[in-house]
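This report refers to the structure that appears directly beneath it.
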Amino acid sequence: MAKRGMLIVLSGPSGVGKGTVRKALFETGATDFSYSISMTTRKPREGEVNGVDYYFVSKEEFEENIRNGEMLEYAKYVDNYYGTPLKYVNETLDQGKDVFLEIEVNGAMQVRANCPDAVFVFLTPPDLMELKHRLIGRGTDAMDVINKRIKKAVGEIRMMRNYDYAVVNDEVSKAVERIQMIIRSERLRVTRVMPDYEQMIGDE
Ligand SMILES: Nc1nc2c(ncn2[C@@H]2O[C@H](COP(=O)(O)OP(=O)(O)O)[C@@H](O)[C@H]2O)c(=O)[nH]1
Ligand SMILES: Nc1ncnc2c1ncn2[C@@H]1O[C@H](COP(=O)(O)OP(=O)(O)O)[C@@H](O)[C@H]1O
């Protein structure tokens, strides 16, 4: 059986640049992570595509998925549900491929409880003013939504202590390099490579 893949979880406040950094990371071609597309009840923003950015569903559909045990984790964030479909993650990890989740902090803590050997990375802004500038600059949210997201950001940054790594997103290319460094070093963990050696040396 193939060795199970590695699960990487990236969180960080809204507007810090998670999507930007994740896309840049995937574009380097140096990683062969599979991105788990989340499900949400949020309405698509301009340019967002169903099945690419998110699976956009109704509240009823989302709640049915929860009831049927089909979510690895889920959370309510600024009036909408967001969650990770379990099947894709399990099947991909079982094939020995690594999976990348980009999710908020409450969901990440559910993953931490269920998948203890996942790697948890928190993307931080250089400061809160810069975070607000990025949310305004992105131009996708109304000012009241931006203010709700900033308010939430403070509590989210406090949750950083529950993560394995903190990466500052000052410059996108630097943040990408830092994440690549984390991934390279995580691949060398003894607990990850031990199954290979167990095959080599056999059971005692
Ligand atoms: N728990 C959880 N959070 C998610 C998931 N997908 C996205 N999120 C988070 O939900 C929050 C809001 O996402 P979104 O509305 O796309 O805003 P954005 O992050 O500002 O682009 C962000 O912190 C996302 O990382 C998911 O599957 N589960
Ligand atoms: N390192 C950075 N420096 C300046 N602007 C950035 C940086 N990273 C992201 N941005 C910009 O900040 C805004 C929010 O980024 P986005 O990736 O949508 O954040 P998130 O997915 O965390 O909500 C976007 O307009 C993006 O272009």
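The values are calculated or read from the model by the stated rules, or taken from the named source; none is laboratory data. Worth saying up front: this structure is predicted, and the values here are computed from it rather than measured. Here the Cβ is made from the backbone with ideal geometry for all residues, glycine too, and neighbour counts use every protein chain on show. With ligands, DNA and RNA removed, areas are computed over all heavy atoms of the protein, side chains included. Shrake-Rupley method; radii C 1.70, N 1.55, O 1.52, S 1.80 Å.
Would you confirm whether any residue within region 22-33 is of a type outside the set (G, A, S), more than 30 Å from V193 (Cα to Cα) and away from ligand 2 (no atom under 16 Å from the Cβ)? Reasoning before the result, please.
In the first step, residues of region 22-33 are kept if they are of a type outside the set (G, A, S); the result is 22-23, 25-28, 31-33.
Those still in the list that are more than 30 Å from V193 (Cα to Cα) too: none.
Looking for residues that are of a type outside the set (G, A, S), more than 30 Å from V193 (Cα to Cα) and away from ligand 2 (no atom under 16 Å from the Cβ), one finds none in region 22-33, hence no.
Return the pairs, sorted by first residue and then second, in which the second residue is open to solvent by 100 Å² or more (accessible area, probe 1.4 Å) and not in a helix (DSSP H, G or I), the first residue lies in region 174-199 and is modelled with pLDDT of 90 or more and of a type in the set (D, E, K, R), the beta carbons are less than 7 Å apart, and the residues are 6+ apart or on different chains.
none
Which of the following residues is within 13 Å of the chain's Cα centre (by Cα) and more than 30 Å from H133 (Cβ to Cβ): L93, L72, L10, L86? First the steps, then the outcome.
Working: L93 fails: within 13 Å of the chain's Cα centre (by Cα); L10 fails: more than 30 Å from H133 (Cβ to Cβ); L86 fails: within 13 Å of the chain's Cα centre (by Cα).
Going through L93, L72, L10, L86 in turn, the sole match is L72.
Yes/no matrix, rows are residues, columns are (1) open to solvent by 30 Å² or more (accessible area, probe 1.4 Å); (2) away from ligand 1 (no atom under 12 Å from the Cβ):
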| site | (1), (2) |
| --- | --- |
| M6 | no, yes |
| G12 | no, no |
| K18 | yes, no |
| P44 | yes, no |
| Y54 | yes, no |
| G69 | yes, yes |
| G107 | no, no |
| C115 | no, yes |
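Only one of (1) open to solvent by 70 Å² or more (accessible area, probe 1.4 Å); (2) of a type in the set (D, E); (3) outside any helix (DSSP H, G or I); (4) within 20 Å of R42 (Cβ to Cβ) fails for D144. Which number is that?
That leaves (3) as the condition not met.
From the list A108, A118, which one is away from ligand 2 (no atom under 16 Å from the Cβ) and aliphatic (A, V, I, L, M)? Break it down stepwise before answering.
On the way: A108 fails: away from ligand 2 (no atom under 16 Å from the Cβ).
Only one candidate passes the filter, namely A118.
Among (1) at negative phi; (2) loosely packed, with under 13 Cβ neighbours inside 10 Å; (3) not hydrophobic (A, V, I, L, M, F, W, C), where does Y35 come up short?
Among (1) at negative phi; (2) loosely packed, with under 13 Cβ neighbours inside 10 Å; (3) not hydrophobic (A, V, I, L, M, F, W, C), Y35 violates only (2).
So which strands (runs of 3 or more DSSP E) are wholly in region 20-119 and hold at least 1 residues that are closer than 24 Å to K152 by Cβ and among the hydrophobic types (A, V, I, L, M, F, W, C)? Quick ask: steps written out before the conclusion?
Working: elements: 71-77, 80-85, 99-102.
By residue number, 71-77, 99-102.
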